[in-house]
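Visitor: Below: one structure in structure tokens.
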Amino acid sequence: MEVTYRQIAPDDNAPLAEMIRKVFREFKIDRPGTVYTDPTTDHLYELFQVPKAEYWIAEASGKIVGGCGIYPSNGLPEGCVELVKFYVAASVRGTGIGKQLMAQCIDSAREQGYQQLYLESLPELEKAVGMYEKAGFHRLQQPVGDTGHYACTVWMLKDL
């Protein structure tokens with residue numbers, strides 16, 4: 001399978017939102033206080049048109065199979081950016097696509113001059129949390145900043 005990694009484009013909004021919400025339904029985490037009900041999920045291209053934000057798409061056979069970004073979320077300390085909206089379709093999990101997307105975002109954060117990478121997740125996404133830990137993220141006791149995703153109860157940080 002040949003995978004292309006590229007920056008988000010305006011036409012990606014609908015298929016990307018559909019893929020993200022499908023992942024949420026798959027893990028039964030489709031509830032308020034998550035990306036599932038966040039209105040920006042339908043407008044990710046526009047959301048990422050701010051300075052020092054980037055969103056990467058993984059595409060296979062012309063279809064979006066994953067995405068991950070960095071975003072300067074509200075309330076984060078100076079030099080810290082959030083790893084956001086990181087989802088991979090079930091059909092390609094375990095192929096290294098997620099690992100490559102995360103590596104691309106880590107590289108992007110470093111290139112943008114950030115010193116830390118923060119993320120929020122849910123306990124139901126235990127395999128993803130394990131991947132974050134292997135990548136050097138450590139768990140926090142409370143959230144950092146004000147993402148608006150109050151249902152997330154796993155908070156992690158990585159020094160770059």
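Visitor: Please go through the stretch 97-131 and pick out each residue that is in a loop (DSSP other than H, G, I, E, B) and surrounded by 16 or more Cβ atoms within 10 Å (Cβ to Cβ).
Guide: Those that are in a loop (DSSP other than H, G, I, E, B) and surrounded by 16 or more Cβ atoms within 10 Å (Cβ to Cβ): TYR114, LEU122.
Visitor: Out of the residues in the stretch 132-158 meeting the condition of being assigned to a loop (DSSP other than H, G, I, E, B) and open to solvent by 80 Å² or more (accessible area, probe 1.4 Å), tell me which one is farthest from ILE106 (Cα to Cα).
Guide: It comes out as TYR150.
Visitor: Residue by residue through the stretch 28-41, note down the ones that are in contact with a Leu (Cβ under 9 Å, 6 or more places away or on another chain) and farther than 15 Å from THR153 by Cα. Don't jump to the end; show me each part of the working.
Guide: To start, the set of residues in the stretch 28-41 that are in contact with a Leu (Cβ under 9 Å, 6 or more places away or on another chain) comprises 29, 34, 40-41.
Those that are in contact with a Leu (Cβ under 9 Å, 6 or more places away or on another chain) and farther than 15 Å from THR153 by Cα: THR40, THR41.
Visitor: Can you say whether GLY94 is open to solvent by 70 Å² or more (accessible area, probe 1.4 Å) and within 21 Å of GLU133 (Cβ to Cβ), as far as the supplied structure shows?
Guide: Numbers: open to solvent by 70 Å² or more (accessible area, probe 1.4 Å): yes; within 21 Å of GLU133 (Cβ to Cβ): yes.
Answer is yes for this residue.
Visitor: If the Cβ limit is 8 Å and pairs must be 6+ apart or interchain, which residue in the stretch 119-143 that is closer than 19 Å to GLY33 by Cβ pairs with which residue that is open to solvent by 20 Å² or more (accessible area, probe 1.4 Å) and assigned to a helix (DSSP H, G or I)?
Guide: Sorted first by the residue in the stretch 119-143, then by its partner, the pairs are SER121/ALA128; VAL129/PRO123.
The values are calculated or read from the model by the stated rules, or taken from the named source; none is laboratory data. What you see is a predicted model, and the numbers here were worked out from it, not measured in a lab. Virtual Cβ from ideal backbone geometry, glycine too; neighbours counted across all protein chains shown. These area figures cover heavy atoms from the full protein model, side chains too; ligands, DNA and RNA do not enter into them. Shrake-Rupley method; radii C 1.70, N 1.55, O 1.52, S 1.80 Å.
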